[in-house]
Amino acid sequence: MALTQKLINEGNATVDEMLDGILAVHSDTLWRPSHAPRAVIAKHGPRSGKVALIIGGGSGHEPTFIGFVGKGLADGVAVGNVFASPPPQPAVDAALAANGGAGVLFMYGNYAGDVMNFDMAMDMLEMEGVEARTVLTTDDIASSPDISKRRGVAGNVFIFKAAGAAADLMMPIDEVERIARHANARTYTMGVALSSCSLPQTRQPSFDLPAGEMEIGMGIHGEPGVRRGPLRTANEVTDEILDTILKEMNAPKGARVAVLVNSLGATPLMELYILYKRVAERLAEAGLEIHSSLVGPYCTSLDMAGASITIMHLDDELIPLIDHPCDCAMFRQG
Amino acid sequence: MALTQKLINEGNATVDEMLDGILAVHSDTLWRPSHAPRAVIAKHGPRSGKVALIIGGGSGHEPTFIGFVGKGLADGVAVGNVFASPPPQPAVDAALAANGGAGVLFMYGNYAGDVMNFDMAMDMLEMEGVEARTVLTTDDIASSPDISKRRGVAGNVFIFKAAGAAADLMMPIDEVERIARHANARTYTMGVALSSCSLPQTRQPSFDLPAGEMEIGMGIHGEPGVRRGPLRTANEVTDEILDTILKEMNAPKGARVAVLVNSLGATPLMELYILYKRVAERLAEAGLEIHSSLVGPYCTSLDMAGASITIMHLDDELIPLIDHPCDCAMFRQG
Amino acid sequence: MDFSTSDLKHLFVRLAARMSTERDALCALDGVIGDGDHGIAMEQGMKAAADQIQSLDGSLQDVFNAAAKGFLNAVGASSGPLYATGFLRAGKAVGPRLAMPKDDLRLVIVAIRDGIQHRGKAEPGQKTMIDAWHPAAEAAAAGATPTSILAAAKDGMEATKPMLATLGRASRLGERVIGHADPGSVSAVMIIEEITLEMAH
Amino acid sequence: MDFSTSDLKHLFVRLAARMSTERDALCALDGVIGDGDHGIAMEQGMKAAADQIQSLDGSLQDVFNAAAKGFLNAVGASSGPLYATGFLRAGKAVGPRLAMPKDDLRLVIVAIRDGIQHRGKAEPGQKTMIDAWHPAAEAAAAGATPTSILAAAKDGMEATKPMLATLGRASRLGERVIGHADPGSVSAVMIIEEITLEMAH
Ligand SMILES: Nc1ncnc2c1ncn2[C@@H]1O[C@H](COP(=O)(O)OP(=O)(O)O)[C@@H](O)[C@H]1O
Ligand SMILES: Nc1ncnc2c1ncn2[C@@H]1O[C@H](COP(=O)(O)OP(=O)(O)O)[C@@H](O)[C@H]1O
Ligand SMILES: [Mg+2]
Ligand SMILES: [Mg+2]
Ligand SMILES: [Mg+2]
Ligand SMILES: [Mg+2]
């Protein structure tokens, strides 16, 4: 079968070559320890007395995760292979490099592989005498009725942001952890895929999606969605997603929300803004107030076409954290 | 034939729906006159005594053009249909709304349609007693050996940025125009396409590109490239592009450059950073110093896969302009 | 036989319908040597022209002027200024009359050609819509029959196939455009066909 | 017959080659119910394990420990911690010997299963690699022949097809996974096949 068209060199080299490129472009804000090529640290974030927020996961979701490392957000990242949790070592390396003596908080999406690897990292850190805790993100409401089994997807951006702001404000680890859980509990994402994606090594679609169909509830690794259906219009797709989110969120009229309309990779801004227009209409109808919005590729799945919509149900505690300035390699605010 | 998969509603409605979405998200920095739905103006840029920089062109290149409207960059934009120059009226509307009494500078890519429409807009403005000038961008070195016939592509970002900074520094129109021409003359772009794109109305690939092939020197409207060849590795593609650019640019050792590695739409950040790694290696070999870099989707061609590389040959005049802060809907700096 | 403002309005309705039918074929032609949108420009332009004039009360010139404005504002692109200028010239040529002899449609063909050339500065042989409009206008000016005018346009369009392009998007493709008709000349033939059908009625 | 550290190194080389051959098939299986990368994880993991141990001077336990570390650090993912823990347990089971009776490879199969279960907390019937490792380990512990151990693993893998998944990525797909084998159980059968071939030699 023909290989999918990619601008890469050797398939197994993509992650390391990408990291070389990222470190070259963003050398003003990012660095990595010479012994730990898969641990990348914020130059200006970590400091004494501050909780270190370490995020991580597989590659192929850029700007997630590495793009959110920087002052005001994450202090470091452990970088895995494409769609693969990083092993424990880079998570440990990132934690030690960013450690400010106030504890380490690991945050990542809820996937079996990530849980096993980061749990091993926690054990290793404990042996070094560094206190580490974990908050899993579980914003993908389509992935399970049981919240503890849900995946973490694009909502990561808001959830990490809230926790990162709390840490930047020098809150103690109990507070940062509590806020991270609170942010996660109030963040709801659902997405659709319009095409498969393909790994750099195989360059074959991970699954078949016939023309005219879409996957509803698709994960960000090309895992098939919860069901398949005919491709619908932007408004119909938005309505289906928002019906599901609004029901689950169950927010009173007048509640304030943050919105993320996210591209899974190949879907361009034009389509995202068309989705956004409908989101804004639906939220207005529901009596909800949009406090702030992000539109763009924030959490991708290689070259997959598709989009997800995330709504974070804000409150007085979350608003200043979501508004908090940050200066990351691929995400700036304030 | 099966329709390409897009998240849209009615094909002819895409541009207006997109604009509604953009204005809803970016209401803090953008507005549009009620009588002129296709003219969008920066809220904080235009002011008395300042040259008004008005950019424009077809839609489907987002964040180009509308994303570069904001304080420190463009004062307004005229928005065309997908891949179609805007008619004169929105260009006139944008110019009048942003006019600070110091003259209007139109900047856009060198395409026959845009030239005819913006020239008509200049005539119309003249009748209103507003002085307007034009600088065309011609950075696509693959599009013609004759510089005056070259297309404007992703290099727009740097060229508009330099001119916008000059205007923001309250330079008179002669200076802003001179700088715009100077910036254009020193900006070099070349791209490759790995897939076709498709218009929202037809949802058919604009041209056929067999698997295993790429178009070299592709424009940003899906116009076929100057030649077709087998798909090569990221390093080989970068080398071919840089060989061409460096020869044309002919910069002495020690010269400083700005770099843009741009996605044509569907190509994800991972691939762009892999290209960037090679660009940095090649520029170092050539003895050139990278002053600043942009990596991402800056000038797209709907859902096309592919990338372009732009090098701007800086000098003491251009550097502070490229570094000048700007606060646009989809591009912030400083 | 007379050609009234209501005939002119009907002509634009037929042109809009024709472009709508041919939209995807014109886009496919433009995809080969251009940016794939010519059918969309022509469909949207003629539809806007037809819509703009339907309830208009005025002379043939007023109708052409309104059609020009409607086409231009809906489309932009290359086709917008070219056809808008063509229609404005046609309006000027027929003047502020409420009706005219059908044979005066020759003047319309000549004036549209003049307007397109005024705006776009194209000469025959550059692989543009002028390669259809110019021979048609020459035939119309020389008193040829409607059938011969149309035949001249078609021959001009056919002649674009072996040409290199020296204007517009296609000019950057060099030899790759050889063998493909210019999409603007193809839609020009369709427009000329509808006008000559009127003349022959 | 004895099984030496050099035999163990060769076993890892064969496992690396096997996973490389099967990479795309395993990815395709994982694409159906997972994220499409299982073949890559297994290829990279076994290659790193084999590379890590080639020039190592030490006991069977040392080799297993180094293989575990190599696999884990190259891979992460789910397979990394699971096989790393399995190999560590295998090392502990065989102890700091330079060689052992071939029949002690039973202990290795049992220990890998134990390590995978310790790390992943999976029980048989949840549509994971444990569905192959567990019956193989039970057979190995009960003194079954190499052929029967492999047959038990294969049956376990086949049995994953009609299962719903309750652990890992596939657990979110509900009924859609029915009919598809778990990719981790398929690669487990390959590993068990290579080990039982050693036992039978
Ligand atoms: N200067 C010109 N004079 C006459 N016709 C032109 C000129 N430039 C372009 N054209 C015509 O315009 C056609 C393309 O129109 P269209 O696709 O609607 O616009 P665009 O090129 O802006 O996408 C070409 O096929 C050609 O016939
Ligand atoms: N908790 C677990 N216990 C045992 N095996 C598991 C567990 N979770 C996942 N697996 C196995 O891992 C396989 C997937 O491995 P792989 O694709 O390499 O990792 P990932 O799921 O991180 O992409 C599954 O097919 C399954 O057999
Ligand atoms: Mg994986
Ligand atoms: Mg066009
Ligand atoms: Mg066109
Ligand atoms: Mg997998």
Review point. All but one of (1) of a type in the set (Val, Ile, Thr); (2) away from chain A (no Cβ under 13 Å); (3) within 16 Å of ligand 6 (Cβ to nearest atom) hold for residue D:21; which doesn't?
Key: (3)
Exercise for review: Kindly check whether there is at least one residue in region A:168-189 that is within 14 Å of another protein chain (Cβ to nearest Cβ), among the acidic types (Asp, Glu), in contact with a strand residue (DSSP E or B) (Cβ under 6 Å, 6 or more places away or on another chain) and within 25 Å of residue A:121 (Cβ to Cβ).
Suggested key: no
Exercise for review: Give the number of residues within region B:162-205 that are of a type in the set (Lys, Arg) and under 30 Å from residue B:232 (Cβ atoms).
Suggested key: 2
Practice item. Please enumerate the residues belonging to region A:134-186 that are of a type in the set (Lys, Arg) and without any contact (Cβ under 8 Å) to a residue 12 or more places away in the chain. Key: A:178
Practice item. Return a yes/no flag: does region C:74-94 have any residue that is of a type outside the set (S, T, N, Q), within 14 Å of chain B (Cβ to nearest Cβ), in contact with a strand residue (DSSP E or B) (Cβ under 9 Å, 6 or more places away or on another chain) and over 30 Å from residue B:226 (Cα atoms). Key: yes
**Study point:** Selected residue [within 30 Å of residue A:317 (Cβ to Cβ) and away from chain B (no Cβ under 11 Å)] from A:217, A:222
**Key:** A:217
Check your understanding: Going through region C:122-144 one residue at a time, which ones are assigned to a loop (DSSP other than H, G, I, E, B), touching a residue at least 24 places away in the same chain (Cβ under 8 Å) and surrounded by fewer than 24 Cβ atoms within 10 Å (Cβ to Cβ)?
Key -> C:122, C:124, C:125, C:126, C:143
Review point. Within region B:117-131, can you find the residues that are surrounded by fewer than 24 Cβ atoms within 10 Å (Cβ to Cβ) and of a type in the set (A, V, I, L, M, F, W, C)?
Key: B:120, B:122, B:124, B:125, B:127, B:130
Check your understanding: Regarding residue A:151, is this residue touching a strand residue (DSSP E or B) at 6+ places or on another chain (Cβ under 8 Å), of a type in the set (D, E, K, R) and within 16 Å of ligand 6 (Cβ to nearest atom)?
Key -> yes
Check your understanding: Just one of D:62, D:2, D:51 is of a type in the set (D, E, K, R), more than 29 Å from residue A:91 (Cα to Cα) and more than 16 Å from ligand 2 (Cβ to nearest atom); which is it?
Key -> D:2
Study note, to complete from the structure: Across (1) away from chain B (no Cβ under 11 Å); (2) in contact with an Asp or Glu (Cβ under 6 Å, 6 or more places away or on another chain), residue A:277 clears everything bar (1)
Review point. Taking the condition within 26 Å of residue A:110 (Cβ to Cβ) and at pLDDT 95 or above, does residue D:186 pass?
Key: yes
Check your understanding: What residue, of C:60, C:105, C:11, C:26, is among the aliphatic types (A, V, I, L, M), at pLDDT 95 or above and under 21 Å from residue B:60 (Cβ atoms)?
Key -> C:26
Study note, to complete from the structure: Checking A:315, A:303 in turn, the sole residue that is of a type outside the set (Phe, Trp, Tyr) and either more than 8 Å from every other protein chain (Cβ to nearest Cβ) or surrounded by fewer than 22 Cβ atoms within 10 Å (Cβ to Cβ) (or both) turns out to be A:315
Study note, to complete from the structure: Conditions (1) in the same structural domain as residue B:199 (by TED's automatic domain parsing); (2) under 22 Å from the mean Cα position of the chain (by Cα); (3) on the phi < 0 side of the Ramachandran plot; (4) at pLDDT 95 or above -> residue B:320 fails only (1)
Review point. Can you pull out the residues in region B:180-206 that are crowded, with 24+ Cβ neighbours inside 10 Å and farther than 18 Å from residue B:153 by Cα?
Key: B:199, B:200, B:206
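Every residue, every condition in (1) more than 26 Å from residue B:143 (Cβ to Cβ); (2) within 14 Å of chain B (Cβ to nearest Cβ); (3) hydrophobic (A, V, I, L, M, F, W, C), yes or no:
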{"residue": "C:141", "(1), (2), (3)": "yes, no, yes"}
{"residue": "C:144", "(1), (2), (3)": "yes, no, yes"}
{"residue": "C:148", "(1), (2), (3)": "yes, no, no"}
{"residue": "C:151", "(1), (2), (3)": "yes, no, yes"}
{"residue": "C:164", "(1), (2), (3)": "no, yes, yes"}
{"residue": "C:174", "(1), (2), (3)": "no, yes, no"}
{"residue": "C:182", "(1), (2), (3)": "no, yes, no"}
{"residue": "C:187", "(1), (2), (3)": "no, no, no"}
Check your understanding: Taking the stated definitions as given, is residue B:199 away from ligand 4 (no atom under 16 Å from the Cβ) and in the same structural domain as residue B:224 (by TED's automatic domain parsing)?
Key -> no
Review point. Does region B:117-126 contain any residue that is away from chain C (no Cβ under 14 Å), out of contact with any helix residue (DSSP H, G or I) (no Cβ under 8 Å at 6 or more places or on another chain) and assigned to a helix (DSSP H, G or I)?
Key: yes
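The values are calculated or read from the model by the stated rules, or taken from the named source; none is laboratory data. Just so we're clear, the structure is a prediction, and the values are computed from it rather than from any experiment. All Cβ positions, even for glycine, are placed from backbone atoms using ideal geometry, and neighbour counts span all protein chains on display.
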